[in-house]
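Student: Here it is: the structure, laid out below.
The values are calculated or read from the model by the stated rules, or taken from the named source; none is laboratory data. Note that the coordinates shown come from a computational prediction; the quantities given were computed from them, not determined experimentally. What goes into the accessible areas is simple: the full protein's heavy atoms, side chains included, and nothing from ligands, DNA or RNA. Shrake-Rupley method; radii C 1.70, N 1.55, O 1.52, S 1.80 Å.
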Amino acid sequence: WDLNDFRAIHKIKGHTDRVNRVAFSPDGQFIVSVSHDRTLRLWDTLSGELVKLWQGHTHWLKTVSFSPNGTFIASGDNDGVVRIWRVF
């Protein structure tokens, strides 16, 4: 959303099931989303394009967060498993 005029900038599509959480990178350049489809997806906030896709959880994802320096992402699933991913 553009907060100046409250219009949608991008409508991001790609998950095949319900999205549960999103998080902005510390620099605001990326958004990471997690879903019932058991994937994490990294999106460019300026273009709305998919940058990276991670798979590996065996249960649907509940939560996600960037590390303070933006180098890593932590994701947690419905089975209590937390995985750490390197962004690049």
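Student: I'd like the residue in segment 64-88 that is among the polar types (S, T, N, Q) and open to solvent by 70 Å² or more (accessible area, probe 1.4 Å) and, out of all such residues, is modelled with the lowest pLDDT.
Tutor: Looking at residues that are among the polar types (S, T, N, Q) and open to solvent by 70 Å² or more (accessible area, probe 1.4 Å), I get Asn78.
Student: Keeping to segment 46-57, report how many residues are open to solvent by 80 Å² or more (accessible area, probe 1.4 Å) and either of a type in the set (D, E, K, R) or at pLDDT below 95 (or both).
Tutor: Adding up the residues that qualify gives 2.
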